[in-house]
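Visitor: The structure's right below; bear with me while I get my questions together.
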Amino acid sequence: DAKTTQPPSMDCAEGRAANLPCNHSTISGNEYVYWYRQIHSQGPQYIIHGLKNNETNEMASLIITEDRKSSTLILPHATLRDTAVYYCIVRVSGTYKYIFGTGTRLKVLA
Amino acid sequence: EAQVTQNPRYLITVTGKKLTVTCSQNMNHEYMSWYRQDPGLGLRQIYYSMNVEVTDKGDVPEGYKVSRKEKRNFPLILESPSPNQTSLYFCASSLGWGGSRNTGNSPLHFGNGTRLTVT
């Protein structure tokens with residue numbers, strides 16, 4: 001099954017870029033990488049997704065390596081409100097199952 | 001406003017007393033799913049539904065039932081709740097798979113959660 005690996009925690013200074021890495025070495029060719037975040041115990045919030053090209057939206061940028069085995073979520077100017085758990089997930093090929101790992105707990109410091 | 005609505009937000013019940021957690025979406029999404037979240041275990045899928053009258057088991061279906069009689073609603077039913085079902089539950093929906101059964105990239109939209117305690 002597809003699996004993602006993320007560091008358990010990271011700190012980032014307010015106003016600086018937060019770069020959150022994710023390894024997904026078993027991803028298959030037609031599987032997308034999705035990023036979500038969860039603030040406290042609220043429902044996970046969708047951030048961005050991509051297949052193989054880099055993507056950018058109003059919230060973040062997603063950089064996917066050429067071999068697609070890893071990706072990085074970039075929050076360009078982190079604020080205190082970006083403190084959350086960030087999940088990198090893929091959908092298991094041929095199924096309707098998303099694999100959520102335990103995510104990265106990002107703490108933005110004032 | 002496009003949203004997934006779960007009710008109730010908090011529920012405390014006793015072992016064996018049947019309960020239903022409702023989930024409704026107003027985005028005309030085909031796909032809906034239920035997850036439970038427990039400390040250290042992340043989000044685990046309970047059941048999902050590809051469309052009306054089409055449901056299937058996820059990773060942890062034991063002790064749960066679902067139904068999809070209408071496109072917008074996907075209730076989660078606990079016929080005889082037990083303390084090990086104490087958890088935080090999330091409903092999610094997405095547009096569908098955009099064509100191919102094995103591809104598609106529509107993201108999931110989550111509700112705000114239901115915290116269930118079974119004593």
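The values are calculated or read from the model by the stated rules, or taken from the named source; none is laboratory data. Note that the structure is predicted; figures quoted are calculated from it, not measured. Backbone-built Cβ (ideal geometry, glycine too); neighbour counts: all protein chains shown.
Visitor: Quick check: anything in region B:58-67 within 13 Å of chain A (Cβ to nearest Cβ), among the β-branched types (Val, Ile, Thr) and surrounded by fewer than 19 Cβ atoms within 10 Å (Cβ to Cβ)? Outline the logic, then answer.
Guide: Quick first cut of region B:58-67, residues within 13 Å of chain A (Cβ to nearest Cβ) only: B:58-61.
Then drop every residue that is not among the β-branched types (Val, Ile, Thr), which leaves B:60.
In the following step, the residues that additionally are surrounded by fewer than 19 Cβ atoms within 10 Å (Cβ to Cβ) were identified as B:60.
Yes: one or more hits.
Visitor: Answer yes or no: is there a residue in region B:11-23 that is farther than 22 Å from residue A:36 by Cβ and of a type in the set (Lys, Arg). Spell out how you get there, then give the answer.
Guide: The first filter runs over region B:11-23 and keeps only residues farther than 22 Å from residue A:36 by Cβ, leaving B:11-20, B:22.
With of a type in the set (Lys, Arg) added as a condition, the list becomes B:17-18.
The answer is yes, given that some residue of region B:11-23 is farther than 22 Å from residue A:36 by Cβ and of a type in the set (Lys, Arg).
Visitor: Consider residue A:16 against the criteria (1) more than 10 Å from the chain's Cα centre (by Cα); (2) surrounded by 14 or more Cβ atoms within 10 Å (Cβ to Cβ); (3) charged (D, E, K, R): it satisfies all of them except one. Which criterion is unmet?
Guide: (2)
Visitor: Which condition number does residue B:43 fail, the rest of (1) more than 12 Å from the chain's Cα centre (by Cα); (2) within 11 Å of another protein chain (Cβ to nearest Cβ); (3) aliphatic (A, V, I, L, M); (4) within 24 Å of residue A:47 (Cα to Cα) being met?
Guide: (1)
Visitor: Another question, then. Of the numbered conditions (1) charged (D, E, K, R); (2) within 14 Å of another protein chain (Cβ to nearest Cβ); (3) over 30 Å from residue B:23 (Cα atoms), residue A:107 fails exactly one; give the number of that condition.
Guide: (2)
Visitor: Return the total of residues in region B:61-119 being within 16 Å of the chain's Cα centre (by Cα), of a type in the set (Ser, Thr, Tyr), at pLDDT below 95 and part of a loop (DSSP other than H, G, I, E, B).
Guide: Count: 0.
Visitor: Quick one: in region B:29-40, which of the residues that are in a loop (DSSP other than H, G, I, E, B) and surrounded by fewer than 14 Cβ atoms within 10 Å (Cβ to Cβ) is nearest to the chain's Cα centre (by Cα)?
Guide: Step by step, filter region B:29-40, then rank; the result is B:39.
Visitor: Determine if region A:92-103 includes at least one residue that is farther than 23 Å from residue B:59 by Cα, more than 9 Å from every other protein chain (Cβ to nearest Cβ) and surrounded by 14 or more Cβ atoms within 10 Å (Cβ to Cβ). Walk me through how you get there before you give the answer.
Guide: Of all residues in region A:92-103, those farther than 23 Å from residue B:59 by Cα come to none.
Checked region A:92-103: no residue is farther than 23 Å from residue B:59 by Cα, more than 9 Å from every other protein chain (Cβ to nearest Cβ) and surrounded by 14 or more Cβ atoms within 10 Å (Cβ to Cβ).
Visitor: On to the next question. Considering only residues that are surrounded by 18 or more Cβ atoms within 10 Å (Cβ to Cβ) and facing another protein chain (nearest Cβ under 7 Å), look in region A:30-45 and name the one that is nearest to residue B:107 (Cα to Cα). Let's see the steps before the verdict.
Guide: We begin by selecting, within region A:30-45, every residue surrounded by 18 or more Cβ atoms within 10 Å (Cβ to Cβ); these are A:31-38, A:43-44.
Still in the running and facing another protein chain (nearest Cβ under 7 Å): A:32, A:34, A:43-44.
Numbers: A:32: 10, A:34: 8, A:43: 14, A:44: 11 Å.
Of everything passing the filter in region A:30-45, A:34 is nearest to residue B:107 (Cα to Cα).
Visitor: May I pose another question? For region B:46-64, how many residues are touching a strand residue (DSSP E or B) at 6+ places or on another chain (Cβ under 8 Å) and within 16 Å of residue B:77 (Cβ to Cβ)?
Guide: 12
Visitor: Let me ask you something else. Could you tell me which of the residues A:110, A:84 is out of contact with any strand residue (DSSP E or B) (no Cβ under 8 Å at 6 or more places or on another chain) and closer than 22 Å to residue A:13 by Cβ?
Guide: Details: A:84 fails: out of contact with any strand residue (DSSP E or B) (no Cβ under 8 Å at 6 or more places or on another chain).
It is A:110.
Visitor: Separate question: Look through B:51, B:26, B:84 and report the one residue that is surrounded by fewer than 17 Cβ atoms within 10 Å (Cβ to Cβ) and closer than 20 Å to residue A:43 by Cβ. Break it down stepwise before answering.
Guide: Working: B:51 fails: closer than 20 Å to residue A:43 by Cβ; B:84 fails: closer than 20 Å to residue A:43 by Cβ.
Of the residues listed, the single one that is surrounded by fewer than 17 Cβ atoms within 10 Å (Cβ to Cβ) and closer than 20 Å to residue A:43 by Cβ is B:26.
Visitor: Which condition does residue A:48 not pass, out of (1) within 10 Å of chain B (Cβ to nearest Cβ); (2) touching a residue at least 24 places away in the same chain (Cβ under 8 Å); (3) surrounded by fewer than 16 Cβ atoms within 10 Å (Cβ to Cβ), if it passes all the others?
Guide: Condition (3) is where residue A:48 drops out.
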